Amino acid sequence: MTIQNYPSAFMHPFSHIPTLEQSGPVIVDRGEGIYIYDDRGRRYLEGNSGLWNVVLGFDNKRLIEAATQAYAKLPAYHAFFGRVAQSALDLSEKVIRLAPMKANRVLFANSGSEANDTVVKLLWLLAEQEGKPHRRILLSRRNAYHGMTIMTASLTGKDYVKSASGLPVYEVRHLTSPHHWREAKDGESETEFSGRLAWELEQTIRNTGPDHIAGFFAEPVLGAGGVIPPPEGYFQAIQPVLRKYGVPLIADEVICGFGRTGELWGSIKYGIEPDIVVASKVITSGFFPMGAIVLSEKMTERLERACRTYEELPTGFTTAAHPVGCAIALAAIGEIVEGGVLKNVQKVSPAFQKQLRAMQDHPMVGEARGVGLMGALEMVADKHSKTPFPGHLDVSERVSRQALANGLICRPLGAAVVLAPPFIITEPQIDELFSILRHTMDQVYAEVRAAAA
Ligand code: PMP
């Protein structure tokens with residue numbers, strides 16, 4: 001059978017080639033609220049908000065209107081050489097007012113990866129200018145996701161990155177993933193586990209040499225690592241260690257920022273006091289590519305002092321701080337903060353979490369975990385020993401494939417299936433999501449049992 005549109009000239013990033021060979025791509029045609037439609041008119045509930053980002057609906061009129069007006073006024077300009085669009089100034093003011101720490105500057109990029117990559121460059125620039133050129137080591141965690149440029153893929157603590165391109169670069173060190181269910185020792189409480197991870201951090205800093213560490217990157221909740229909220233007391237245990245050795249904390253809020261956890265920032269939710277915050281995705285609700293680096297007052301002061309040697313900030317991207325993107329972001333943040341969307345997240349999250357945790361009784365689910373409007377179901381062959389299913393069964397892939405056939409988009413991440421629905425989801429739609437998911441899991445369980453028999 002020839003699959004229409006496959007193979008085509010299009011190279012599919014992060015896509016499963018055997019599935020494409022079997023069924024071709026899903027051609028996404030249009031969207032409406034939390035649903036998307038393919039080119040054959042089939043409707044899917046978008047349980048992942050696209051890639052965590054399209055939180056305000058696939059047809060949000062206010063954002064489309066903001067974009068239309070911005071295109072009519074100034075469809076494009078850059079922000080080099082002291083030139084800038086008014087919308088970029090307004091957005092920066094808005095972001096620093098809302099930031100989870102005392103912040104006073106925002107630097108824009110075009111994606112989460114670019115923003116994190118730029119942070120590394122700024123940290124290294126500081127090291128050079130402050131007379132500590134060896135201060136280059138970056139700390140991250142296994143299972144973290146910080147992007148796909150060479151540097152940010154190195155910070156990303158996933159095995160497929162390492163095997164694919166010989167990464168990480170040598171400046172990166174990965175610490176234990178803060179996943180209590182998988183990583184804790186027998187009988188170790190969440191607080192004890194957090195204490196052990198803080199001890200590991202301190203040992204790593206001391207062994208590497210505090211003078212050699214440029215920064216510590218952390219998502220408040222590990223997202224693409226499979227939605228792993230921090231264990232009790234985690235940030236309270238590690239922050240004093242970072243402070244003691246003067247290591248800047250970079251909160252990668254690309255997923256958590258602007259409401260996903262039920263608070264405006266993951267940093268607020270978990271009591272994090274970052275030196276730098278990176279935002280992307282939700283900032284434009286996915287309607288425009290954008291990354292934003294938010295600097296604390298202290299970081300700004302250090303950076304601006306360091307840059308005096310160059311007379312200008314020696315970095316920037318052609319389309320960053322784009323006037324249309326900034327206008328869209330202003331509208332998106334307006335919807336979330338003043339327009340009541342964050343309130344909706346807070347209102348419906350308990351129902352979402354309740355239904356998610358109810359899935360724990362399913363025979364395939366080892367752990368149901370999450371916070372706010374994000375969650376994961378980790379699949380195991382044996383709940384007691386937490387033994388994963390054999391890899392060849394592709395259980396999480398099967399669940400998401402079957403869910404797609406049933407009209408629900410959910411994402412396989414390792415052994416887990418991940419959900420992160422749009423912020424505008426209603427309680428009846430949450431019921432719809434879980435009713436499709438439960439039916440799907442039952443179907444896959446029957447298949448898996450048949451395969452094992
Ligand atoms: N950081 C985090 C926490 C992310 O989840 C992602 C993307 N999933 C990135 C960075 C990279 O963002 P982008 O894909 O826009 O480069």
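Summary table below
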{"item": "Every residue from the stretch 154-175 that is of a type in the set (Val, Ile, Thr) and within 16 Å of the ligand (Cβ to nearest atom)", "result": "156, 161, 172"}
{"item": "Residue within the stretch 176-184 that is away from the ligand (no atom under 16 Å from the Cβ), closer than 25 Å to residue 367 by Cβ and assigned to a loop (DSSP other than H, G, I, E, B) present", "result": "yes"}
{"item": "Candidates 285, 280, 349, 296 - the one that is among the hydroxyl-bearing types (Ser, Thr, Tyr), closer than 24 Å to residue 218 by Cα and within 13 Å of the ligand (Cβ to nearest atom)", "result": "280"}
{"item": "Failed item in (1) touching a Leu at 6+ places or on another chain (Cβ under 6 Å); (2) more than 30 Å from residue 366 (Cα to Cα); (3) within 16 Å of the ligand (Cβ to nearest atom), with residue 141 passing the rest", "result": "(2)"}
{"item": "Scope the stretch 201-247; condition in a loop (DSSP other than H, G, I, E, B) and either charged (D, E, K, R) or more than 25 Å from the chain's Cα centre (by Cα) (or both); matching residues", "result": "209, 219, 232, 245, 246"}
{"item": "Unique residue being under 23 Å from residue 232 (Cβ atoms), in contact (Cβ under 8 Å) with a residue 40 or more places away in the chain and part of a helix (DSSP H, G or I) when the list is 358, 451, 376", "result": "358"}
{"item": "Boolean, residue 250 is assigned to a loop (DSSP other than H, G, I, E, B), within 15 Å of the ligand (Cβ to nearest atom) and not small (Gly, Ala, Ser)", "result": "no"}
{"item": "Those residues of the stretch 118-138 which are within 12 Å of the ligand (Cβ to nearest atom) and not in a helix (DSSP H, G or I), in sequence order", "result": "none"}
{"item": "Every residue from the stretch 116-164 that is of a type outside the set (A, V, I, L, M, F, W, C) and over 21 Å from the mean Cα position of the chain (by Cα)", "result": "128, 129, 130, 131, 132, 133, 134, 135, 136, 163"}
{"item": "Residue list for the stretch 154-184, filter: small (Gly, Ala, Ser) and modelled with pLDDT under 95", "result": "157, 163, 164, 165, 166"}
{"item": "Residues that are among the small types (Gly, Ala, Ser) and crowded, with 17+ Cβ neighbours inside 10 Å, drawn from the stretch 352-400", "result": "366, 368, 370, 372, 375, 376, 381, 396, 400"}
{"item": "Test: residue in the stretch 271-289 that is in contact with an Asp or Glu (Cβ under 6 Å, 6 or more places away or on another chain), closer than 17 Å to residue 140 by Cβ and surrounded by 22 or more Cβ atoms within 10 Å (Cβ to Cβ)", "result": "yes"}
{"item": "Matching option when the condition is within 16 Å of the ligand (Cβ to nearest atom), assigned by TED's automatic domain parsing to the domain that holds residue 231 and not acidic (Asp, Glu), among 101, 151", "result": "151"}
{"item": "Residue within the stretch 66-88 that is assigned to a helix (DSSP H, G or I), out of contact with any strand residue (DSSP E or B) (no Cβ under 8 Å at 6 or more places or on another chain) and within 16 Å of the ligand (Cβ to nearest atom) present", "result": "no"}
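The values are calculated or read from the model by the stated rules, or taken from the named source; none is laboratory data. Just so we're clear, the structure is a prediction, and the values are computed from it rather than from any experiment. Cβ: placed from backbone, ideal geometry, glycine included. Neighbour counts: every protein chain shown.
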